[in-house]
Amino acid sequence: MAKGDGQIRQRVKDGKPAKDAQGRFIWDITVSLGFDPVAKRYPRKTVTVHGTKADARRKRDELLRIIEGGIDLKASETLFADYAAQWLERRKHDGTLGKNTIKSDGYTVGVLCKYLGGVAIADITPSMVDSLLVKAKEDRGISGSTLRRFYITLNQILKQAEMHELIRRNPCSRVKAPRPNNNTRDSLTASEGARLLRCIAQAEEQAYIEEAEKEERQTERGNLFARTYLRGLAPIACTMAARIGLATGARRGEVLALCWGAIDLEEGTLAILQSVTERGEVKQPKTSAGRRIVSIDAATVSALKRWKQYQARELRKLGIKQNGSTPAISDSKGTFLIPSNFSRWWRSFTAENGFEGLCFHSLRHTQATQLLANGVDLRTVQGRLGHASASLTLGLYSHFVPQNDSKAAALIGDIFGSSEGEKGRIVEVKAG
């Protein structure tokens, strides 16, 4: 039997065509996989089909198409659960993904395997993918955004299987991706943001006063130098982190990872170059867009100048000389502040000042919504947030752009509807 030939044989029992328990005929399909120069033989593949002869022919033709397409039949029989586990393991050893991303991937793969784990990867069809999405939503009551994440992960796994020639075509390519939920983000109004900034400034002054009082007591006891920690430093640093978050829209981990070498107080800029994880580990941004320089306002610059000088003086008591690698948001020992410790301070601070339940990440949404609502161009907002593309920014905050569209409509009305006497108010632009 030459490579690509297929043979269909009907099973016979007691001289009659054999049938299964459901009364269907049983057929054996055999195809040749071509000559194996190592084993020096012609390996064959046999598959059993229950149904009509037309069913058997369709299965034979399918096997022949797979062979002609260069698909490894043995590999294509790999179960989805096994291949997904291999995919996840490769992600872990990629070296560019954070632990939280890997953890999230592991959860998603676990859910997918509950529906497709026992199915051969080559047998997954578009209708199976559709059914999975419907069933997962019904079973788990998940949002459209979560369902979309399930789809994206499944698509990544099957796309890789297609690249590895385990399947001819990724079935997800013929399934429409679920629509994410409307991205209504919690953010502060301009007046709320102004009040929050006043509360931060008050907390900052109080933290300086309390730190000075603690140090005065230490002086009285003769414990001013040769110490291992300074309890009063972290509360001041926390107020600085809150200031920076409101001023820049940077993520919590990005703010906590700032070192003085990344802060140019003369130019009034911050360089976002790294991030601190939940475990206190410093990591690089996920995308090149995450590495960015963000301008800061004069009030924030002034607060940071004061803090930098104060921190440098206090750290000398611990035998630490402040330099470019010194964390700007330091803990009581002059090292990076652990995110959970900052979050504990933030929850207490917001509750005391009438902002109970406000997430630090809401400062990021506040930055975007206020800038867009006040006419700042989309590209600038994208750059400040560190989004990889303007479409991502637009997808998250498009509900704030119509406010600017109204301003644009009024402006175009002025341009084309103004009388000759009023034309001086409009800037003339000539074509060409």
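Keeping to segment 1-57, report how many residues are of a type in the set (A, V, I, L, M) and either open to solvent by 100 Å² or more (accessible area, probe 1.4 Å) or modelled with pLDDT of 85 or more (or both).
Step one: filter segment 1-57 for residues of a type in the set (A, V, I, L, M), giving 1-2, 8, 12, 18, 21, 26, 29, 31, 33, 38-39, 47, 49, 54, 56.
Filter once more, so that each one left must be either open to solvent by 100 Å² or more (accessible area, probe 1.4 Å) or modelled with pLDDT of 85 or more (or both): 8, 12, 18, 21, 26, 29, 38, 49, 54, 56.
Residues meeting the conditions: 10.
Would segment 260-271 turn up any residue that is buried (at least 24 other Cβ atoms within 10 Å of the Cβ), within 23 Å of the chain's Cα centre (by Cα), modelled with pLDDT under 95 and within 15 Å of Arg291 (Cβ to Cβ)? Break it down stepwise before answering.
Of all residues in segment 260-271, those buried (at least 24 other Cβ atoms within 10 Å of the Cβ) come to 270.
Right, trim to within 23 Å of the chain's Cα centre (by Cα) and you get 270.
Adding the requirement that they be modelled with pLDDT under 95 leaves 270.
Those left that are additionally within 15 Å of Arg291 (Cβ to Cβ): 270.
Checked segment 260-271: at least one residue is buried (at least 24 other Cβ atoms within 10 Å of the Cβ), within 23 Å of the chain's Cα centre (by Cα), modelled with pLDDT under 95 and within 15 Å of Arg291 (Cβ to Cβ).
Here are some residues: Leu258, Leu273. Which one is of a type in the set (A, V, I, L, M, F, W, C), within 26 Å of Gln370 (Cα to Cα) and touching a strand residue (DSSP E or B) at 6+ places or on another chain (Cβ under 7 Å)? Give the steps one after another, and end with the answer.
Numbers: Leu273 fails: touching a strand residue (DSSP E or B) at 6+ places or on another chain (Cβ under 7 Å).
Result of the check over Leu258, Leu273: Leu258.
Output the qualifying pairs, or none if there are none: Cβ atoms under 6 angstrom, residues six or more apart or on different chains, first residue in segment 49-70 and of a type in the set (Val, Ile, Thr), second residue at pLDDT 85 or above.
Val49/Trp27; Val49/Asp55; Val49/Ala56
Is it the case, given these coordinates, that Tyr229 is of a type in the set (Ser, Thr, Tyr), in contact (Cβ under 8 Å) with a residue 12 or more places away in the chain and outside any loop (DSSP other than H, G, I, E, B)? Before you say what the answer is, go through the steps one by one.
On the way: of a type in the set (Ser, Thr, Tyr): yes; in contact (Cβ under 8 Å) with a residue 12 or more places away in the chain: yes; outside any loop (DSSP other than H, G, I, E, B): no.
The answer is no for Tyr229.
Are any of the residues in segment 331-345 in contact with a Ser or Thr (Cβ under 6 Å, 6 or more places away or on another chain), closer than 23 Å to Leu396 by Cβ and touching a residue at least 12 places away in the same chain (Cβ under 8 Å)?
Residues of segment 331-345 in contact with a Ser or Thr (Cβ under 6 Å, 6 or more places away or on another chain): none.
Checking segment 331-345: not a single residue is in contact with a Ser or Thr (Cβ under 6 Å, 6 or more places away or on another chain), closer than 23 Å to Leu396 by Cβ and touching a residue at least 12 places away in the same chain (Cβ under 8 Å).
For Ser398, state whether it is in contact with a helix residue (DSSP H, G or I) (Cβ under 6 Å, 6 or more places away or on another chain), open to solvent by less than 70 Å² (accessible area, probe 1.4 Å) and either among the small types (Gly, Ala, Ser) or at pLDDT 90 or above (or both).
Working: in contact with a helix residue (DSSP H, G or I) (Cβ under 6 Å, 6 or more places away or on another chain): no; open to solvent by less than 70 Å² (accessible area, probe 1.4 Å): yes; either among the small types (Gly, Ala, Ser) or at pLDDT 90 or above (or both): yes.
Considered against the rule, which asks whether it is in contact with a helix residue (DSSP H, G or I) (Cβ under 6 Å, 6 or more places away or on another chain), open to solvent by less than 70 Å² (accessible area, probe 1.4 Å) and either among the small types (Gly, Ala, Ser) or at pLDDT 90 or above (or both), Ser398 comes out as no.
Looking at (1) surrounded by fewer than 20 Cβ atoms within 10 Å (Cβ to Cβ); (2) of a type in the set (Ser, Thr, Tyr); (3) farther than 27 Å from Ile209 by Cα, can you tell me which one Ser275 breaks?
(1)
Step by step: first the residues of segment 93-147, then only those that are farther than 27 Å from Gly280 by Cα and of a type in the set (Lys, Arg), then the one that is surrounded by the most Cβ atoms within 10 Å (Cβ to Cβ). Which residue is that?
Once the filter is applied, the top-ranked residue is Lys137.
Based on this model, can you work out whether Leu154 counts as buried (at least 18 other Cβ atoms within 10 Å of the Cβ) and modelled with pLDDT of 90 or more?
Values: buried (at least 18 other Cβ atoms within 10 Å of the Cβ): yes; modelled with pLDDT of 90 or more: yes.
Here the answer is yes, as Leu154 does meet what is asked.
Rundown of residues vs (1) surrounded by 17 or more Cβ atoms within 10 Å (Cβ to Cβ); (2) over 15 Å from Thr248 (Cα atoms), yes/no style:
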position	(1), (2)
Tyr310	no, yes
Gln322	yes, yes
Thr326	yes, yes
Pro339	yes, yes
Glu352	no, yes
Leu363	yes, no
Leu371	yes, no
Leu378	yes, yes
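Could you grab me the full set of residues in segment 285-318 that are part of a loop (DSSP other than H, G, I, E, B) and over 19 Å from Gly245 (Cα atoms)? Don't jump to the end; show me each part of the working.
Of the residues in segment 285-318, the ones part of a loop (DSSP other than H, G, I, E, B) are 285-287, 291, 296-297.
Correct list: Lys286, Thr287.
Which condition number in (1) in a helix (DSSP H, G or I); (2) closer than 22 Å to Arg231 by Cβ; (3) not aliphatic (A, V, I, L, M) is the one that Lys321 fails?
(1)
With Ser191, Ser173, Ser187, Ser145 as the choices, which residue is at pLDDT below 90, within 27 Å of Leu394 (Cα to Cα) and in a helix (DSSP H, G or I)?
None of the other options fit; the residue is Ser145.
If I filter segment 357-365 for residues that are farther than 23 Å from Val294 by Cβ and more than 20 Å from the chain's Cα centre (by Cα), do I get at least one hit? Before you say what the answer is, go through the steps one by one.
Looking only at segment 357-365, we keep the residues that are farther than 23 Å from Val294 by Cβ, and these are 357.
Applying the additional criterion that residues be more than 20 Å from the chain's Cα centre (by Cα) yields 357.
Checked against the condition, which is being farther than 23 Å from Val294 by Cβ and more than 20 Å from the chain's Cα centre (by Cα), segment 357-365 yields at least one hit.
Looking for whichever is open to solvent by 50 Å² or more (accessible area, probe 1.4 Å), more than 21 Å from Ala368 (Cβ to Cβ) and either in contact with a helix residue (DSSP H, G or I) (Cβ under 6 Å, 6 or more places away or on another chain) or aliphatic (A, V, I, L, M) (or both) here; the options are Ile236, Ile209. Which one fits? Full working, then the answer.
Working: Ile236 fails: open to solvent by 50 Å² or more (accessible area, probe 1.4 Å).
Result of the check over Ile236, Ile209: Ile209.
The values are calculated or read from the model by the stated rules, or taken from the named source; none is laboratory data. Since the structure is predicted, the reported quantities are computational estimates derived from the model, not experimental observations. All Cβ positions, glycine included, derive from the backbone under ideal geometry; neighbour counts span all protein chains shown. Heads up: the accessible areas ignore ligands, DNA and RNA and are worked out on the full protein's heavy atoms, side chains in. Shrake-Rupley method; radii C 1.70, N 1.55, O 1.52, S 1.80 Å.
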